[in-house]
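Here's the structure, in structure tokens; my notes come after.
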Number of protein chains: 2
Amino acid sequence: MSSTEAIRVGPGFASEFPGAVASSAEVLANVVRTTTELLNEVQRRRAAIAPVSASAFQALAVIEGAGEALPSHVIADRLLVSTASMTSLLDTLERRGFAARRPHPNDRRKILVEITDDGRLVVDQMLPVVHAAATEAFSGLTETERKLLIDVLTRVRGQVSEMAASEPVPPKPRRKPKRA
Amino acid sequence: MSSTEAIRVGPGFASEFPGAVASSAEVLANVVRTTTELLNEVQRRRAAIAPVSASAFQALAVIEGAGEALPSHVIADRLLVSTASMTSLLDTLERRGFAARRPHPNDRRKILVEITDDGRLVVDQMLPVVHAAATEAFSGLTETERKLLIDVLTRVRGQVSEMAASEPVPPKPRRKPKRA
DNA sequence: TATTGTTATACTCTATAACTATA
DNA sequence: TATAGTTATAGAGTATAACAATA
């Protein structure tokens, strides 16, 4: 049973890491921890329905949500994985009978990935579970807080996007404190 | 280049998933996406220093942060992994020379995992990078917003903790819409 | 009996590099 | 030349079950 108090940095943080912002370090730690625990719980509930991995479910949800067969690289883009990883993931989905490849009618380099009836069944059973888990997880927030949270996260995502596009500035080195 | 607009659910959500809250589904999607992109960027920066996996770094940071050698299961608890996975992770860390096992002086069932000088060097180099990334990622928020975000995340974590402790309520089934 | 850690086993995810086919 | 996908290769992470040693 992990405690549900906020994760905090120690009092020496500011002098130990010059230039770093303590509350930002704390936000990082807390957002990662919260997301991890949330995903673990969602995965636990999905697993009760069928043994499908998170990535496999995500891929199925993308295809089903699109309402049409999609080229492999489109799914790879949405899942943030390489095309080679996507090939492997599609192999798994096909072996399990949840998706199928078929040739693209116009462009012979491409394939189209379609979801099967079995795959659709999995998505139909799992989506309500996922949405119910989300509803329960965020039921302690007001509608206003949820809207605000989405807005804040989106701003952060824009900033991260810029960071990914540029070389990072070398941070100031750690100043190690004395230790018992 | 993924867009940095907020992830939204479609207009038919409410009727398609009775009982589910749209903004909660949106928070889930956005928090997972933001965290994933953030972790990818942090990992990219860490990888520029040394080829250490996220889990390996986390384990090293836990030991270093404790300021003393720790039993294996304590580290496993903090990383939310099984003890068997921890054994595997420790094998990797030991092989790379970043950590070492030694017998517990009082309890012969236990081992103590200590960080080596090389491991300490890795942590000392990576922590400033991680904190700098966090500082940059959340620089678009005010200090008040960061405090608020930590508070909100902590409340969510408490709720998730309760969810993990009880059997989930079966959600209402999906009501599939017509599709073109 | 309960706790700690390891072994055995197996599977998934992921990436990079090299390659083929097609546009 | 650029794009789409596969193959080959490799490594990491993770879990469950069975087990040994110790408390």
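The values are calculated or read from the model by the stated rules, or taken from the named source; none is laboratory data. Because the structure is predicted, anything quoted here is derived from the model rather than measured. When we count neighbours, we look across all protein chains shown, and the Cβ atoms used for this are built from the backbone with ideal geometry, even at glycine.
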Original post:
Of the residues that make up segment B:25-44, is at least one under 30 Å from B:HIS104 (Cβ atoms), within 21 Å of the chain's Cα centre (by Cα) and in contact (Cβ under 8 Å) with a residue 60 or more places away in the chain?
Top reply: no
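Residue by residue through segment B:89-103, note down the ones that are exposed (fewer than 13 other Cβ atoms within 10 Å of the Cβ), within 11 Å of DNA strand D (Cβ to nearest atom) and not acidic (Asp, Glu).
Initially, segment B:89-103 is screened for residues exposed (fewer than 13 other Cβ atoms within 10 Å of the Cβ), giving B:91, B:95, B:97, B:102-103.
Going one step further and asking which of them are within 11 Å of DNA strand D (Cβ to nearest atom), we end up with B:91, B:95, B:103.
Scanning segment B:89-103 gives B:ARG95, B:PRO103.
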Subject >> Residues (more than 17 Å from the chain's Cα centre (by Cα), within 12 Å of DNA strand D (Cβ to nearest atom) and either among the hydroxyl-bearing types (Ser, Thr, Tyr) or within 13 Å of another protein chain (Cβ to nearest Cβ) (or both)) located in segment A:49-82 >> reply: A:SER72
**OP:** Identify all residues within segment A:110-136 that are within 16 Å of DNA strand D (Cβ to nearest atom), over 17 Å from A:GLN58 (Cβ atoms) and either at the interface with chain B (Cβ under 7 Å from one of its Cβ atoms) or in contact with a helix residue (DSSP H, G or I) (Cβ under 7 Å, 6 or more places away or on another chain) (or both); write none if there are none.
**Re:** A:ILE111
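Residues are listed down the side, and each one gets a yes or a no for (1) touching a residue at least 60 places away in the same chain (Cβ under 8 Å); (2) basic (Lys, Arg); (3) under 25 Å from B:THR34 (Cα atoms):
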{"site": "A:GLN58", "(1), (2), (3)": "no, no, yes"}
{"site": "A:ALA76", "(1), (2), (3)": "no, no, yes"}
{"site": "A:THR83", "(1), (2), (3)": "no, no, yes"}
{"site": "A:ARG95", "(1), (2), (3)": "no, yes, no"}
{"site": "A:PRO103", "(1), (2), (3)": "no, no, no"}
{"site": "A:ARG109", "(1), (2), (3)": "no, yes, no"}
{"site": "A:VAL122", "(1), (2), (3)": "yes, no, no"}
Original post:
Hey, any hits in segment A:129-141 for a residue that's more than 20 Å from the chain's Cα centre (by Cα) and among the aliphatic types (A, V, I, L, M)?
Top reply: yes
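Per-residue answers, yes or no, for (1) surrounded by fewer than 15 Cβ atoms within 10 Å (Cβ to Cβ); (2) under 30 Å from A:LEU141 (Cβ atoms); (3) out of contact with any Ser or Thr (no Cβ under 8 Å at 6 or more places or on another chain); (4) at pLDDT 95 or above:
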| site | (1), (2), (3), (4) |
| --- | --- |
| B:PHE17 | no, yes, yes, yes |
| B:VAL21 | no, yes, no, yes |
| B:SER24 | no, yes, no, yes |
| B:VAL31 | no, yes, no, yes |
| B:ILE49 | yes, no, yes, no |
| B:GLU64 | no, no, yes, yes |
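Identify, from the list A:LYS178, A:LYS147, the residue that is of a type in the set (Lys, Arg), away from DNA strand C (no atom under 16 Å from the Cβ) and modelled with pLDDT under 95.
On the way: A:LYS147 fails: modelled with pLDDT under 95.
Answer to the selection: A:LYS178.
In this structure, does B:LEU148 turn out to be within 24 Å of the chain's Cα centre (by Cα) and crowded, with 19+ Cβ neighbours inside 10 Å? Steps first, please.
Details: within 24 Å of the chain's Cα centre (by Cα): yes; crowded, with 19+ Cβ neighbours inside 10 Å: no.
No, not satisfied.
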Original post:
Any residue in segment B:20-28 that is part of a helix (DSSP H, G or I) and within 19 Å of A:VAL32 (Cβ to Cβ)?
Top reply: yes
Original post:
Any idea which of (1) farther than 20 Å from A:VAL9 by Cβ; (2) facing chain A (nearest Cβ under 7 Å) is the one B:ARG45 doesn't satisfy?
Top reply: (1)
Original post:
Quick check, is A:ARG102 more than 30 Å from B:LEU153 (Cα to Cα), within 11 Å of another protein chain (Cβ to nearest Cβ) and not aliphatic (A, V, I, L, M)?
Top reply: no
**OP:** Looking at (1) more than 7 Å from chain A (Cβ to nearest Cβ); (2) more than 30 Å from A:ARG44 (Cβ to Cβ); (3) part of a helix (DSSP H, G or I); (4) not acidic (Asp, Glu), find the lone condition where B:LYS147 falls short.
**Re:** (1)
